[in-house]
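The values are calculated or read from the model by the stated rules, or taken from the named source; none is laboratory data. Every value quoted in this text rests on a predicted model; they were computed, and no experiment measured them. All Cβ positions, glycine included, derive from the backbone under ideal geometry; neighbour counts span all protein chains shown. Ligands, DNA and RNA are excluded from the accessible area calculation, which covers all protein heavy atoms including side chains. Shrake-Rupley method; radii C 1.70, N 1.55, O 1.52, S 1.80 Å.
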Amino acid sequence: VNENVLTQMNQTSAPLAAEISEIDTFGIETIASQTVAVPAIKAAPIRMEARLHQYVPIANHEGQIITDLFIVEITDFYFDSAVFDEEHQYILPEKLQPIARLAGNDYTTLGEIREVRRPT
């Protein structure tokens, strides 16, 4: 997620009934996906298409399911050319300007980016 899609992403966290589409409710523009039936968010600079490989419910010590783990197979991906270095095959964080969720209503952006060479 970056600034371009932050508002839309946040809207999709609204507590809607299961039969209500966030896409339709919030007027989010989509395009066809390549390998899955679910449409893609057009404005997203990075998109991945995935198929479920395995679902693992995570239970507490009393046996109550407290969260879920989804293991997926990425079937296709898309990187906007403005945020991807095709030659080196990596995302340009200074162009993407990603936003990370912290806790509650808080989000943050990247601070200083610095290169630290790995030993050879």
Q) Here is a list of conditions, (1) under 16 Å from the mean Cα position of the chain (by Cα); (2) more than 21 Å from L6 (Cβ to Cβ), and P45 meets all of them except one; can you say which number that is? A) (2)
Q. Between a first residue in the stretch 60-74 that is within 28 Å of V36 (Cα to Cα) and a second residue that is open to solvent by less than 80 Å² (accessible area, probe 1.4 Å) and in a strand (DSSP E or B), which pairs have beta carbons less than 6 Å apart while being 6 or more apart in sequence or on different chains?
A. T67/I58; D68/P57; L69/V56; L69/I58; V72/A50; I74/A50
Q: Pairs only if they're at least six apart or on different chains, beta carbon under 6 angstrom, first in the stretch 6-32 and in contact (Cβ under 8 Å) with a residue 40 or more places away in the chain, second open to solvent by less than 70 Å² (accessible area, probe 1.4 Å) and not charged (D, E, K, R); list them, first residue then second.
A: L6/I99
Q | Residues within the stretch 88-102 that are β-branched (V, I, T) and farther than 13 Å from T7 by Cα, tallied | A | 1
(Q) Take the conditions β-branched (V, I, T) and in contact (Cβ under 8 Å) with a residue 24 or more places away in the chain and apply them to I41. Does it pass? (A) yes
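Yes/no matrix, rows are residues, columns are (1) at pLDDT below 95; (2) acidic (D, E):
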position	(1), (2)
A32	no, no
V38	yes, no
A50	no, no
V56	no, no
Q64	no, no
D68	no, yes
I74	no, no
F84	no, no
